Structure formats: C-alpha cells, structure tokens
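Some notes on the structure that comes next.
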Amino acid sequence: MKVSRDVWIVFQRHLLLMVRSPLWVFLGVAQPVVYMALFAPLLKPALSSLDNGSMAAAYRIYIPGMLVALALGGGLYVGFGLLAELSSGVIERARVTPISRIALLLGRALRDVVTLAIQAAIIILLSLPLGLFVHVGDLLLAYALLALISLTSSAISYGIALKISNAGVLGQVINNLAQPLMLLSGTLLPLALAPLWLRRVADWNPFSWAVSGMRALFAGHAADAVVWQSIVIMAGIAVLTLAWSARLFTRSVR
C-alpha cells in the first residue's frame, strides 16, 4: 500500500512538471507528423501487394508502426532526464525522505506512459481526416499494448543510464540499440516485404510482434492470435525490464 501511494506521489510530481512544460509533448510528435505527411504517401504503391493500394490502407499499416516507433524511441531516451536529476541533486534530496526507491522509478515510468498516450492521441486525430479508422475497443487494446512498450523501453533506458552514468556514452549506447530494434520491428515498412532470412531474425525481436499486433488492431482484427501473443510477450518483457531497472535503482539510490 505504501509503495502504491509513493508511486502516485512521484507520478503526480513528474506529471506536474510535464504540464508546466507541455512543449516537450508537442516536440515529440513533430517528427512523426512530418513522416506521416511526407513519407506515408510514398507507401501507397509500395503496399499495393499487401492491401488494396488506397491511402487509407497505407495509413492503416503505417500509423500503428509509427506509434510503436514513438513508444520505443521516446522511451529509450528518457534516461537522459534521470541522469540530469542525478547530477543536479534531485535524487540525492529524495534519498533523505521515507519514499520508496522503487516508486522513484515507477512514478517516472508512468509519466512516460501518459506522455506517449497524449502524443498517440494527437497523431491518431491528425490521421482521421486522411482515412484512418479504428474501432474504440481496438483502440483501447492498442493503447494497452503501447503502454507495455513504453514501460519496457523506459525501464531499459533507466537501467542503462544507471549502469553508465555518462550522458555522452548513454547517447551512443541508446542509438546503437534503438536502430536495429526499429529496423527489425518493421515500423516503417511491413516485414512481409523483407527477405525470408530477415523475417526469421525479426521473429526474435519482441517489438516486431508488437508492431504486428498493433497493425492487426488497427485493421479491426482484435481476435487475431498475434494481438494476444504481442500483449503477452510485451507484458512479460515489461515485468522483467522493470524488475531489472528497479533492482539497479534500489542499489544505486540508497
């Protein structure tokens, strides 16, 4: 009970900081919106072999992948904020309070989920006039899947940040990690267009399952097995990564 209360307190604090600086939320969607306007139209002929070749079909395939890329990329870079608080003494001052050390991590991770939810809502609303349509129930499941992706990527970023404790090195590590994860998840182009060997490698990337699950939901196929497989896979990895980063946080912040 105390941990839940502490998580809520930390979450409220970071949510308030986000509200005071809402520009970061909109800056986070600037690049996806540019891609949506300039890159997605190029997919109409490229995806004609997978669907009917309409713009609505192109956005139905592209937007879910872009949302996963946003959750993955945005989450992997939150470790820089933790390093900034460590260097400025914010975490040091929190150490003298009776607040749970795990709550200091989980509260931040939940703030990251809320940030993603707002950004995803903006992108989906901007996509509606372009022909995108998704049922409310499927959208709620998609949000749950995005939340699991955000928790996973945020936990990975916080854990790596605690291990490295150097912003310059952290940037290189995150870039080297994010690039293959995104390319092997098919966020920009479906992996169905890739050669067989690349698809077999991508099967070992949990985020490729997440992209497949998101696209099935946006296509209205909530009963598709890949949806539930992706949710189970991402839920398991989210628990493991949160436990790993929480253990590191508890050890380093005493």
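Here are some notes:
- Helices that extend 15 Å or more along their long axis by alpha-carbon positions and average at least 0.0 on the Kyte-Doolittle scale are, among the DSSP H runs of the chain, 2-20, 23-38, 55-76, 101-127, 136-164, 167-183, 206-218, 225-252.
- Label-to-label distance, nm, for residues given as Val114 and Arg20 (7 Å Cα→Cβ offset): 1.4 nm
- Note that the chain presents 49 Å² accessible area per residue, ligands and nucleic acids not counted, probe 1.4 Å.
- Peptide packing: for 104-115, 127-138, 208-219, 186-197, the average count of neighbouring Cβ atoms within 10 Å per residue gives the ranking 208-219, 104-115, 186-197, 127-138, highest mean first.
- Remark: relative contact order (the chain) = 28 percent; criterion is Cα-Cα distance under 8 angstrom and separation of 6 or more residues.
- Computed from the C-beta positions of Ala225 and Arg251, the FRET efficiency with R₀ = 41 Å rounds to 0.55.
- FRET E, pair Ala37, Ala194, Förster distance 22 Å, beta-carbon r, rounded to 0.05: 0.30
- For the stretch 121-149 versus the stretch 161-235, the inter-centroid distance based on Cα atoms is 18 Å.
- Structure-derived Cα extents along the principal axes in Å: which label, when the choices are [x] 61, 38, 35; [y] 67, 51, 35; [z] 54, 37, 31: [x]
The values are calculated or read from the model by the stated rules, or taken from the named source; none is laboratory data. Note that the coordinates shown come from a computational prediction; the quantities given were computed from them, not determined experimentally. Every residue, glycine as well, gets a Cβ built from its backbone with ideal geometry; the counts of neighbours run over all protein chains shown. Heads up: the accessible areas ignore ligands, DNA and RNA and are worked out on the full protein's heavy atoms, side chains in. Shrake-Rupley method; radii C 1.70, N 1.55, O 1.52, S 1.80 Å.
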